[in-house]
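The values are calculated or read from the model by the stated rules, or taken from the named source; none is laboratory data. It should be emphasised that the depicted structure is a prediction, and the values quoted were computed from it without experimental measurement. Neighbour counts are summed over all protein chains in view; Cβ atoms, including those assigned to glycine, are modelled from backbone coordinates with ideal geometry. To get the accessible areas, we keep the full protein, side chains included, count just its heavy atoms, and leave off ligands, DNA and RNA. Shrake-Rupley method; radii C 1.70, N 1.55, O 1.52, S 1.80 Å.
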Amino acid sequence: MVMNTKATRNLLLITALAAVSVLSACGGNDQKESAGSTNGNSADPAAEQVTLRVFSNLPDRKSGQGLAEQMVIDNYTKENPNVKIELETLAEEPFKNKLKAYMASNEALDITMVHGGAELNTLVQAGYVKELDPAGYEGETYNFLPGVYKSFTFNDKLYGLPRNSDYEVIYYNQKIFADNGVNVPTTYAELLDAAKQFRDKGIEPMSVNGKDLWSFAAFFQDLVIRVSGDQSLMLDAVEQKKNFTTDESFITAAKLLGEARDAKLFQESFMTADYGASQNLFTQGKAAMWYMGSWEAGMATNESLSEDFRNNVAVLKFPVVDGGKGKDTDLLAWNGGGYSLVSSSKHPEEAKKFFDYLMRADQWAKTVWDTGAAVPAQKYELTGTESGLQKQLTDVLTGATTTAGSLGLDYGTPKFKDDGQNAFGKFFAGGSTPEELLADLQKAAESQ
């Protein structure tokens, strides 16, 4: 880990990250490439030549998390020239679909990216991923923050390791706001008013990946938190400890969600926009805001994006609701994406060696932070070279007073996630009222 003299700020950062964890889910084309070479001198001349198959949801290898992942792979193959890594990458939703197909056919991958919670649970139930020993990842070599295994643990057994500390924010383009005389919103009413002002000027207010559906559920959970001030309410409803249809906070949040739909907060044709399309709309300066997670910190350092955009991208906390009990320091945060070892691996010992190397604190965590790509799930320290966007995201995290610990969608069974996403899809397609949305969510919880 890179050390510096800003000890006080570093300590605050690590402490806040740990607190968040204790209080406690990316466009491109299909790509296959190989890293490493069988040429050169191995530390062990007799070492067996091995090819490992790795499946990832990071197709962009030139920036962001894809670059960080590639750098770690390159580090490993340089140190282990007998190992070649065959990497397959797909954008988010195609990745999910192909992983399901690989699971069904018991494809002999070695390591795969996984989404914690309901999606990983599907792989666990199918026996497709291997159990890990948590004791093997204790100590400074890995430096995982407390509580980050939550979405990767089923029946008290660990089946993967998280790569990031994920939390929802609103990215916004400062120049678009300033040039159009629109104030940056701090309340939900101001957010909807800003949407109207941008609409009147012919500008898309906020981009969202509506086709993928999960962002709608996160947006709703953010509203529930702002209305109720209770991070556990959504999770309790998934577990049927609360009722979606009778709790006043859910009723209010659903109506507010309806106001966003009716105010046309999201871009035209938002229901057909996947992750990449929603991101492109924002990064190309065609939308004033983008509702997305902390894992997009790399936008500020991605040289394939315009300098004008990189200089003006900033972070906005999800606005408070007038009359609500929640604060802007109540953060929707969790540990979503990570990696798992595949049970059908043809090279289990070599796969484990690379997996452990990938998850070391001086590899993924250090690399992803130093490149400005994301906020890791392991302790890290500021280097003094962070982008403005990284610093803002750090401030959001260190300023959090409560966190959710899980997305509501991922807190239940895979069936609940599917049914819940479909309920939000029906709602935003105009097929249901706020009351009907809540009824559909309650039915999903009861039938999971």
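With the structure loaded, tell me whether Leu305 is within 21 Å of Ile203 (Cα to Cα) and either open to solvent by 10 Å² or more (accessible area, probe 1.4 Å) or assigned to a loop (DSSP other than H, G, I, E, B) (or both) or whether it fails that test. Considered against the rule, which asks whether it is within 21 Å of Ile203 (Cα to Cα) and either open to solvent by 10 Å² or more (accessible area, probe 1.4 Å) or assigned to a loop (DSSP other than H, G, I, E, B) (or both), Leu305 comes out as yes. Residues that are touching a helix residue (DSSP H, G or I) at 6+ places or on another chain (Cβ under 9 Å), of a type in the set (A, V, I, L, M), surrounded by fewer than 21 Cβ atoms within 10 Å (Cβ to Cβ) and modelled with pLDDT of 60 or more within region 38-63 comprise just one, Val50. Gly336 falls short on exactly one of the conditions (1) under 14 Å from the mean Cα position of the chain (by Cα); (2) open to solvent by 10 Å² or more (accessible area, probe 1.4 Å), and that condition is (2).
In region 275-287, the residues that are outside any helix (DSSP H, G or I) form Cβ pairs under 7 Å with partners that are aromatic (Phe, Trp, Tyr), at six or more places apart or across chains, as follows: Gly285/Phe309. The criterion of at least 1 residues that are open to solvent by 60 Å² or more (accessible area, probe 1.4 Å) is met, among strands (runs of 3 or more DSSP E) falling completely within region 64-181, by 83-89.
Those helices (runs of 4 or more DSSP H) of region 403-448 in which at least 3 residues are at pLDDT 95 or above, considering only elements entirely within it, cover 414-428, 434-446. What do you reckon, is Asp356 of a type outside the set (Ser, Thr, Tyr), at pLDDT 95 or above and either touching a Leu at 6+ places or on another chain (Cβ under 9 Å) or within 30 Å of Phe177 (Cβ to Cβ) (or both)? Taking the combined requirement at face value, the residue does not satisfy it. Just give me the residues in region 233-258 being open to solvent by 20 Å² or more (accessible area, probe 1.4 Å) and out of contact with any Lys or Arg (no Cβ under 9 Å at 6 or more places or on another chain), in sequence order. Selection gives Glu239, Gln240, Lys241, Lys242, Asn243, Thr245, Thr246, Asp247, Glu248, Ile251, Thr252, Lys255. Considering the conditions (1) in a loop (DSSP other than H, G, I, E, B); (2) at pLDDT below 95; (3) surrounded by fewer than 20 Cβ atoms within 10 Å (Cβ to Cβ), Lys327 is excluded by exactly one of them, (2). Counting residues in region 212-223 that are assigned to a strand (DSSP E or B) and either closer than 30 Å to Leu358 by Cα or not charged (D, E, K, R) (or both) gives zero.
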